[in-house]
Structure formats: C-alpha cells, structure tokens
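Each remark here refers to the structure printed beneath this line.
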Amino acid sequence: MKKYLSYILLGLIVLIAVVLRLYKLGEAPAGLYVDEAGQGYSAYSILKTGRDEFGKSFPIVFRSLTDFKTPVYIYLIVPLIPLFGLTPFTVRLPSFIFSILTIPVLFFLIKRLFKDKQSLAKSKFGEKLALLSCFLLAISPWHILFGRTNFECNVALFFFLSGVLFFYKGLEKPKTLILSALMFGIAIPAYHSQRIITPLIMTILFIKFRKILLDKIHKKYLIYSIILGFVITLPTLSVISTPGFLARATGLNIFSHLHQMPDGFIASYKGILSPIVNGSWFLTTREFFSLYFSYLSPRYMFLLGDSGPRSSFPELSTFFLWQFPFYIYGIWILLTKKNISDLKFLTIALLIASPIPAAVTRDPYTTIRSLPLVIPQLIVISLGILEIYSKLKIGFVKKTSLLLFYAVVIYSICKLYSSVIVLNEYYRAKAWDYGWQQVTSIIQGLNTDLPIVTDNARSDAYPQIAFYLKYDPLKFQKENFEVPTNEYYTNLYHNSEKHIGKIVTRPINWEKDLLVDQYLIADELGISLQQIKTHKLILISEVKYPDGATAYRIVRTNPEFTKEEQRLFNSRKQVERGFP
Amino acid sequence: MNYFKKIVIVFCIILWPLNLLLNFKGNTSFETIFTNDYQGEQLILRNIHLYPTIALARVFQNKPRIYIYKFFNNLFILTDPNNYFFGLHPEPIPGQNNIFKYQFVAIVFFAYGIFSISKYKYKNIILFTFIPFVLFLSILKNFYGLDLILWIPISLTIGNGVTQMMIDNKKLFTVTSILLIVFAVPELIRSFIR
C-alpha cells in the first residue's frame, strides 16, 4: 500500500484539478471570445470540407482574422466536434484535457530529477516535492485560467514538458529520445512563444548532457530524433519566412519602433545628444530587461497579475498571496541547497528561458506568453514550503502548521470560486464577447426575407455568428473570398466584409442602411437609444450583460420614415434657397 | 583597481539622490493607508450582492481587505527590483514621477551582493534598516520621496556586490562594470534633460 501511496495521492490531486477545471467548463467564462469562435469555426470547416473558411486545405498556420493562429489547437478540436458538437465546451476541451495531463507529466519529471540522489531517496524528498508541486499546479489560478479557456499556450506547455520528461528518460533509455523529439516537434508549432523556448531549452539540455548524448549507445537514437524532429517541424519551417508566419512577432516586438517608440523616449528632446539620450540601443535594452524582470517580480506574481481582462481573474493574481514568503525562501534554497543539482539546473534553466519570448513583446507581464514559467516558479514555492516544514522540530508546531496549511488551501479554493465563477462573470463578460449566442438565437427567429447587417466597426463578429449558426463552411468559403490560396501565407489583405447567408458583417452606413428595410445589429455605441428615437427604428431586442448594461441591440429600420424625413429635409432646403 | 571600484560604486548609487534633487515632483506626506476609503467600501457593497449568501460574500468582500491590499501593494512596490532599477516600468504608479533610482546594470551587483551578504560586515545594518523602513513605508498612503531612506541599505548591498564580485570573479566584474558605465552615461544625461 505504501508503495502506491504517492500514486494514490497523485490520483487525488488530478481529481481536484479536474473538478476545478471542469466545473462550468464552456459556461464560465460566459461568452465566447472572437479568437475562440474563430478557432472553433476553422476546425468545423476542416472537419466538413478539409479546408479552412478561406478555402485553404489543411493550413500550417490559420489565417483566421489575418492574425495567423497556430495550428495544433485547431486540429485538436476537429475530432471533438462529432462527439460534443460545435459548442464553447468543445473549443475549450483541449485546453482542459492537456492542462490535466500536464500534472502527471510534472510529477514524473520531478521524480526523475531525484532518481540518482541516494541521500534524498530515504526521506523521499523528490516524491514529496513532486506531489506538492503537482498539487500547487492543480490549484494554480494561472494554470486553471488557461485550462478552462481556449488558449493554445496550455496545450503547448504539455508537449514542451513531455519533451523535457522524455529527454531525461532518454538519458537512460535512448529510445525515449525519439518520443522527446516528437513532443518538442509538436510544441514548436503549438504556440508562438514555444518557437523560442523549445529550441532554447533543447540547446541547453544538449550542452549539459552532450557527453551522454554523443556516446555510442545514444548517438544512433539522437540522429533518429533529430531527423524526426526535423520532419515534424518541416511544414512550419516551410512558411517560417512568410509575412503570415511573422505577422504576430513583427507587430508586437519591442525592437520594432514603427508604431510605438521605446519606453522612456523623450519626444521633446531633439538636441545634439539625441543618439545617446533617445538611443534605441539604450532604451530597448532597458525596456527588455525591465519586462524580463517583471516576470520574476513578486509584485506581479502575487498582487498585480496580468492586466489583460481575459488572461486574469478579478481579485486574483497569478499566484496566491500566501505563497510569497515561500517563493523568496525557495529561491534561496534553490541556490544554496546541495544534492539537488538536476532539479536546480532544470529549474534555473526554465526560470531564465521562459520569460524571454514574453519580454520581447511590449505588453507588460503577459501570462499567456510566459506560461512555461508557472512550472519553475511553483517548484520554487514547493521547495520553500517543504524546507520550512522540515525545519519544524516540535510535533505540536508541525501539526498546527499543517492544519494552517490545509485551512489556507481550502480558503484558496474558495477564493477561486469567488473570482472565477462569481466576479469574473459579472465584471469580465464584455471582455469575453458575451451575448453572441443570444444574438444568433434571436436572428434565427427573425423574418428570413430581410437582410441583416451586423456592425463590425469595433470588433469582428463573423466568427461568433458563423460558429453559433453552424453555418455551412462550404457556403462560407464561396461567399467570402479573401486571397487566392497560393497567396494564403503571403498576402495580408483582410476583407472586413463577410457574408453569412442573409447576414453581412461590416460597419453600419447610416445614410444608406436606413433606406433599406433590414435588421441592424450593433453594440450600445453602434446603435444608441438616441439613434433609435431619431430614426424611428423598431427595437426588436436587447441583449444585456450580467451587470445589466446593454451588450447588443437588434433593430429593424424604418425606410418609409427615413424617406419621408429626407423628402421634408430636401423641401425645407429648397425653401431656404428661395425655390417654391 | 580600488580607484576603479570606487568609480563603479559612485556610478551605481548616484542616480537616486541626483534624480530626486533634479526631478522632485509631488508631495511627501505621513498620511497612512488606514484613512477612510469611500470608493473601496462602495465597491465591496456592490460585490456583496453577487454571492449566493451574505456570509460567503463577507469572507471575500470585507473592509480589512481594503487595507490589506493597500499594505501589500506598497510592500511589493518597495521590494520590487523594477522599482529601483527600471523606474517601476512596466506598471508605474499612475500620476507619480516614477524616477530611476539605480542604473539598471547595477542589478547584477545588487543580486551578487544579496547572495554574498553572509560574508558582509554591515549585513546587520542592511537587515535592521531595510526591513523596518519597508514596513514603515508600506503603511503610508504615499511614500514618494520618503523612500530615499532605503538608499542606505540598498546602496550598501550594491557596494558589497561590487566588492565581492571583484574578489571572486575579476572578469565578470570588469565586464559588468564596463557595461554599467556605458549605460550610465545616457541615464545620467537624461536626469538633467528631464
């Protein structure tokens, strides 16, 4: 029984993780963000036609809203649609599945890092650390957020971590190196930041273990692995220099000063010392390091968190506040404790490498791009907790602190409920594009003879409409030509007008649209109450956010009234000009 | 080499007093975070009705939370390396002159100083000044300008880092020092331009 205790505990931890991620999956966050809907509809299109909505057969990166989304997540949705339908639950399911699978991978990885440490084997330090790290990952707000929503970074993290695990296993069983290459090979196209982290960690691991890898037994499998890795990444490499592939990187990185000057740029200064004072060599270097260090700073980790409304929960940071002293102590232990060299090496390597892709982009503390950092930071916190606990000598103090720990954990789980379910639904509904499900169900009940114009002046909504209406992808492809398929990755033209049967998504043209008998759909800014009153529009329905604010209005135009108004206006003008 | 070390230390620690002298904008006050916060209380009242029961709501939405948040907000700013080396970028305090306190390359010496603090003869001065000062400043509503008292322990730590690195690893010391001086030049000029 004792032999299997750690596996039983791991099973319990996985169960907790499942409950925390599966509860209201697809319902909370309420709404479906445009990127989620876009990925879901691309997957639906692949399933039905073998092509995406722009007619490209099995793309390497998905054009979508001309932001060229990574492919792995979308292809993972495809087989789930026949099982669960085209629903928000389905598009978020791969995130859930892979966030759960990451937990045992982390367990076996940490255990493996302690395999050779005889001195620590007796106290089962490695096993305890593995279980605690897995438990903290199971209740981590950072990991839960990306395990409940459609974000590719979580899936990528699983493949990346599995690659590391199989690499370490491969040091003993060389055949496993092939599995490692397979996992790393999938991780690279799975998410943008992995294009930097994975090769970087692979290089670091190779340098560290080059003697083992280049010996007679390993060499053969190393070559097989390199070939396999190359074959898997070949499609990605084939489009690596296209504008589509580079679209995200060029728009966001701190080295590009086309749209935004570096932080600290003194625009008012044009003097002789300008190349020094405003030199990009100086400002960009400083900006990179300031962003980089923010990922390791307790202020962001335990208090501020990610400022993005979709990449954070209200009143909750990326880590729980109570973990702060353990993080500080854990860093000290990581750097000073003996007999943990393998753990120390990998944790430090991950701590150093993980923030790099996020730090080269301008957004402050973006948890999506730096998700792999959750692993070393949780290991550090676990290390701090275990070390402090092992230092407690008196039984009573030990028991009391254990009870206190349980109480804090229960409070943390309740806090998750408060932030993820209660507050997020109320405050973040707009950020999650809440309301399109209701809008599409209203659309289905409207007069089918009349056209519908959906305003997209502020944000594109065609993915949500096509998604919820389960619009035939073949028809969509025919009605919405954007670029020839041979220019799919190279031509960045975006056709903002989309046709979904009778529905067209484009900015409302009030002058022309009021003269046609049709439905108009827009948010509160697009169709105000004043406009309804002025143009005598017929209010069909209003969709409200959970806080009571108006999300969308659906109105029917009144062309007779508009024409009459125009006629009166013209005649008044003529009278003013002196014509009878 | 000792002369060079002194130059490096001066380049490391001069920025904060200089920037404060040249660019001091704002009010210093000893008002604490425990003053009444009407907006914070209203937000709590608004949030309470979102929970299934009042009892549950009170666990997460209560008055002490306002002060706890303010305290930790100050504490984390005062212990954030970005506050000292990067003018609190990328999330500065809104409406405040977030000055650059140390040249950013000095963070290397600072880190080195912390990890070799056990060898330092002034370690007790650092500990017994930094911790109480930080706790005191954390309960102030606005510690702008008053936080200069932390210049002493932080500068001592950096000084210790410079000295220890010079003893332990001369090559690393030379490279870091050259980088520090190269990047310190624009930083110092900027202090006068602002």
Residue A:232 of a type in the set (Val, Ile, Thr), within 14 Å of chain B (Cβ to nearest Cβ) and either crowded, with 17+ Cβ neighbours inside 10 Å or without any contact (Cβ under 8 Å) to a residue 60 or more places away in the chain (or both): no
Top-ranked residue of region B:45-74 - restricted to ones that are more than 9 Å from every other protein chain (Cβ to nearest Cβ), among the hydrophobic types (A, V, I, L, M, F, W, C) and within 32 Å of the chain's Cα centre (by Cα), ranked as surrounded by the most Cβ atoms within 10 Å (Cβ to Cβ): B:66
Region A:453-468: number of residues that are closer than 13 Å to residue A:527 by Cβ and of a type in the set (A, V, I, L, M): 2
Neighbours by Cβ (under 7 Å, 6+ apart or cross-chain): first from region A:367-382, assigned to a loop (DSSP other than H, G, I, E, B); second among the aliphatic types (A, V, I, L, M): A:369/A:358; A:370/A:358
Hits in region A:455-472 - residues which are among the aliphatic types (A, V, I, L, M), at pLDDT below 95 and touching a Gly at 6+ places or on another chain (Cβ under 9 Å): A:457
Count of region B:76-95 residues which are more than 7 Å from chain A (Cβ to nearest Cβ) and not in a helix (DSSP H, G or I): 6
Filter result (assigned to a helix (DSSP H, G or I), over 19 Å from residue B:50 (Cα atoms) and either without any contact (Cβ under 8 Å) to a residue 40 or more places away in the chain or within 12 Å of chain B (Cβ to nearest Cβ) (or both)) within region A:413-457: A:440, A:441
Pairs where the first residue, in region A:257-280, is within 21 Å of residue B:182 (Cα to Cα) and the second is part of a loop (DSSP other than H, G, I, E, B) and of a type in the set (S, T, N, Q), C-beta under 7 Å, 6+ apart: A:265/A:278; A:266/A:278; A:269/A:278
Test for residue B:193: is it surrounded by fewer than 21 Cβ atoms within 10 Å (Cβ to Cβ) and at pLDDT 90 or above: no
Verdict on residue A:240 being of a type in the set (Val, Ile, Thr), in contact with an Asp or Glu (Cβ under 6 Å, 6 or more places away or on another chain) and either within 13 Å of residue A:361 (Cα to Cα) or away from every other protein chain (no Cβ under 13 Å) (or both): no
Subset tally (residues that are surrounded by 15 or more Cβ atoms within 10 Å (Cβ to Cβ) and within 19 Å of residue A:359 (Cα to Cα)) for region A:267-292: 12
Count of region B:1-25 residues which are surrounded by fewer than 12 Cβ atoms within 10 Å (Cβ to Cβ) and in a loop (DSSP other than H, G, I, E, B): 2
Members of region A:332-343 that are buried (at least 19 other Cβ atoms within 10 Å of the Cβ) and in a helix (DSSP H, G or I): A:334, A:343
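Each row is one residue, and each column tells you yes or no for (1) more than 28 Å from residue A:422 (Cα to Cα); (2) part of a loop (DSSP other than H, G, I, E, B); (3) more than 10 Å from chain B (Cβ to nearest Cβ); (4) at pLDDT below 95.
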{"position": "A:263", "(1), (2), (3), (4)": "yes, yes, no, yes"}
{"position": "A:266", "(1), (2), (3), (4)": "yes, yes, no, yes"}
{"position": "A:270", "(1), (2), (3), (4)": "yes, yes, yes, yes"}
{"position": "A:275", "(1), (2), (3), (4)": "yes, no, no, yes"}
{"position": "A:281", "(1), (2), (3), (4)": "yes, no, no, yes"}
{"position": "A:284", "(1), (2), (3), (4)": "yes, no, yes, yes"}
{"position": "A:291", "(1), (2), (3), (4)": "yes, no, no, no"}
{"position": "A:301", "(1), (2), (3), (4)": "no, no, no, no"}
{"position": "A:307", "(1), (2), (3), (4)": "no, yes, no, yes"}
Residue in region B:147-165 that is more than 14 Å from every other protein chain (Cβ to nearest Cβ), free of Cβ contacts under 8 Å to residues at least 40 places away in the same chain, touching a Ser or Thr at 6+ places or on another chain (Cβ under 7 Å) and not aliphatic (A, V, I, L, M) present: yes
Qualifying residue in region A:386-401 (condition: within 14 Å of chain B (Cβ to nearest Cβ) and out of contact with any Lys or Arg (no Cβ under 7 Å at 6 or more places or on another chain)): no
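The values are calculated or read from the model by the stated rules, or taken from the named source; none is laboratory data. The structure displayed is predicted, hence computed values, not measured ones. In this analysis, Cβ positions are derived from the backbone assuming ideal geometry, glycine residues included, and neighbour counts consider all displayed protein chains.
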